[in-house]
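Visitor: Once you've had a glance at the structure underneath, I'll fire off some questions.
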Amino acid sequence: MEQSDHKERVKAQFGASAQGYVDSVTHASGDDLGQIVAWAGGGLDRTALDVATGGGRTALALAPLYRSVVASDLPEAMLRS
């Protein structure tokens, strides 16, 4: 499979359910987010990068710890949600 074909499949699959990730109780709860924040360490002179941000929960949790947070995801619908 070509890389561009794969990207288009990812955009179609996850873009269609973007709001579901934002509204998901499962994605909002659990110890994993707190553990990521604890591992991150932070730094008000540093920038965090959240790749495949989905609903943006990790980026939002890291935001108070960093000067800035860059959140990216392949489907634009994820970023708009």
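The values are calculated or read from the model by the stated rules, or taken from the named source; none is laboratory data. Computed from a predicted structure; not experimentally measured. Reconstructed Cβ throughout: ideal geometry from the backbone, glycine too, with neighbour counts over all protein chains shown. Keep in mind that these areas ignore ligands, DNA and RNA; they rest on the heavy atoms of the full protein, side chains included. Shrake-Rupley method; radii C 1.70, N 1.55, O 1.52, S 1.80 Å.
Visitor: Those residues that are of a type in the set (A, V, I, L, M, F, W, C) and open to solvent by less than 70 Å² (accessible area, probe 1.4 Å), I need them from the range 13-24; list them, please.
Guide: If the condition is that a residue be of a type in the set (A, V, I, L, M, F, W, C) and open to solvent by less than 70 Å² (accessible area, probe 1.4 Å), then F14, A18, V22 are the ones that fit.
Visitor: Can you name the residue in the range 25-62 that is polar (S, T, N, Q), within 24 Å of R80 (Cα to Cα) and out of contact with any helix residue (DSSP H, G or I) (no Cβ under 7 Å at 6 or more places or on another chain) and is also surrounded by the fewest Cβ atoms within 10 Å (Cβ to Cβ) among such residues?
Guide: Looking at residues that are polar (S, T, N, Q), within 24 Å of R80 (Cα to Cα) and out of contact with any helix residue (DSSP H, G or I) (no Cβ under 7 Å at 6 or more places or on another chain), I get T26.
Visitor: Would you mind stating whether R46 is more than 15 Å from the chain's Cα centre (by Cα), of a type outside the set (D, E) and in a helix (DSSP H, G or I)? Please lay out each step first, then the result.
Guide: Values: more than 15 Å from the chain's Cα centre (by Cα): yes; of a type outside the set (D, E): yes; in a helix (DSSP H, G or I): no.
No: the conditions fail for R46.
Visitor: Cβ contacts < 7 Å: first residue closer than 13 Å to A61 by Cα, restricted to the range 17-33; second residue assigned to a helix (DSSP H, G or I), any location; separation 6+ or different chain. Result?
Guide: H27/Y21; H27/R57; A28/R57; L33/R57; L33/T58; L33/A61
Visitor: Moving on. Restricting attention to the range 63-79, report how many residues are within 24 Å of Q3 (Cα to Cα), open to solvent by 60 Å² or more (accessible area, probe 1.4 Å) and not aliphatic (A, V, I, L, M).
Guide: 1
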